[in-house]
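Below: one structure, written as structure tokens.
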Amino acid sequence: MKKDTHNNDLQKELEELEAEFNAYKKETVDFIDSSVYLLNTYYLDYELNQPKFLLGHLQLMSIEVLNFVKNVCEKHDIEWWLDFGNLLGAFRHGKFIPWDEDMDIGMMREDYDRFENVISHEVKDKGLDDLIEVKKRPFKSGIRKFIQVLARGEVEIANFKYILGNVDIFPYDYIREYDENTLEEKYRAAKDKCMDLQKRNFIANYALDTFYEDMDLSWEPTDYIIPGWENPCTPGSMYKLVVYEREKIFPLNEIEFAGNSYPCPNEVDYYLDKLYPNYMKIPKNLRKHNRIGHFRHNKNNEEVFTNCYNRLREINAHFD
């Protein structure tokens, strides 16, 4: 009898706790939904003022680095397009996503390789070695992945050259016919194999050739385009794996971004829908950088940003 009474008491306590939890859960969900609704209203339905000096100058520097990349690409007949958050920002806001400050662009593999071959020479030729750094961002494993073009400036704290603005460049490949049901598993295995070869110090081109063979990729245009293995839009990375129809990307179109016109996929709505379902709403979970945190307590921000920005802008204005 006592055992049954004890069990009944425990059951009652459990039900009370479950009711409290459900009430708390509902209150929390309602709070988050309300906050997201306010963010959507604030960022999408109001005309916001310009960002303050620090965020504004991080954005301006990234745009100027992009303009340098744009000039290099035009000089060498290299095709590229706005990608990821910048394409979304251009389409949804006409400028940066309010909390963003860097630039992302995409290129087909052939253009990507050509860009890699010329960009360092162009930086040196324009006398920008002390301002512009070209590197490949490493995975945690140390393997080099996508190209970054960075503007660095020396701030007072520790005399360290922090990133003032940057452009990340992501490669894309042509893929032949594929099976949707096995594509992700196949891609993951091919990517792992490619990275393993590089860990074992095989030549990068051999690793890439192996990836091409395993994925049945093509250097010649096909009907479909897939993110390169260095791209964050792959299994195990930030975004889900996507496959684009070539005719939805090419020929490239133009889109306005922060008062400038840049290349974009031919059908932006199609492209963004692949990347960001419900992309016309502010998401509950934001992918953000915290570069601005490095500068908040520095005393010479204005001097560093102004000097570097004016110098790079002058180079871009007279680029040849």
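Annotations
- The calculated 222 nm mean residue ellipticity attributable to helices in the chain amounts to -16000 deg cm²/dmol, summing -39500 (n - 2.57) over DSSP H runs of n ≥ 4 and dividing by all residues.
- Debye log10 I(q)/I(0) at q = 0.13, 0.18, 0.21 Å⁻¹ for region 89-217, Cα point scatterers: -0.74, -1.16, -1.29
- One way to sum up the overall shape of region 238-320 is the equivalent ellipsoid from its Cα gyration tensor, whose semi-axes run 33, 23, 10 Å, largest first.
- Structural descriptor for the chain: relative contact order 21 percent, calculated from alpha carbon pairs under 8 angstrom and at least 6 residues apart.
- Helix 109-125 and the longest principal axis of the Cα set of the chain meet at an angle near 60°.
- With at most 14 neighbouring Cβ atoms within 10 Å, loop trypsin sites (Lys or Arg not before Pro) (DSSP) excluded, longest segment of the chain: 53-139
- Spatially, region 88-137 and region 242-320 are offset by 10 Å when compared through their Cα centroids.
- Helix 180-199 vs. the chain, principal-axis angle (Cα, 0 to 90°, nearest 10): 60
- Compactness of the chain, expressed as Rg and Dmax over alpha-carbon positions, Å: 23.9, 93
- The phi torsions of region 253-258, fed into the Karplus equation with coefficients 6.51, -1.76 and 1.60 and a -60° offset, translate into couplings of 10, 10, 9, 7, 9, 6 Hz, rounded to whole numbers, with Gly and Pro shown as x.
- Within straight-line reach of K161, meaning a Cα separation under 17 Å, sit the following lysines at least 8 residues removed in sequence or on another chain: K135, K299.
- Applying a DSSP loop filter and a limit of 16 other Cβ atoms within 10 Å to the chymotrypsin sites (Phe, Trp or Tyr not before Pro) in region 56-158 leaves W99, F139.
- The calculated FRET efficiency for R176 paired with R137, based on their beta-carbon distance and R0 = 35 Å, is about 0.75.
Bear in mind that the values in this text are calculations on the coordinates, not laboratory data. Note that the structure is a prediction, hence the values are computed from the model and not measured. All Cβ positions, even for glycine, are placed from backbone atoms using ideal geometry, and neighbour counts span all protein chains on display.
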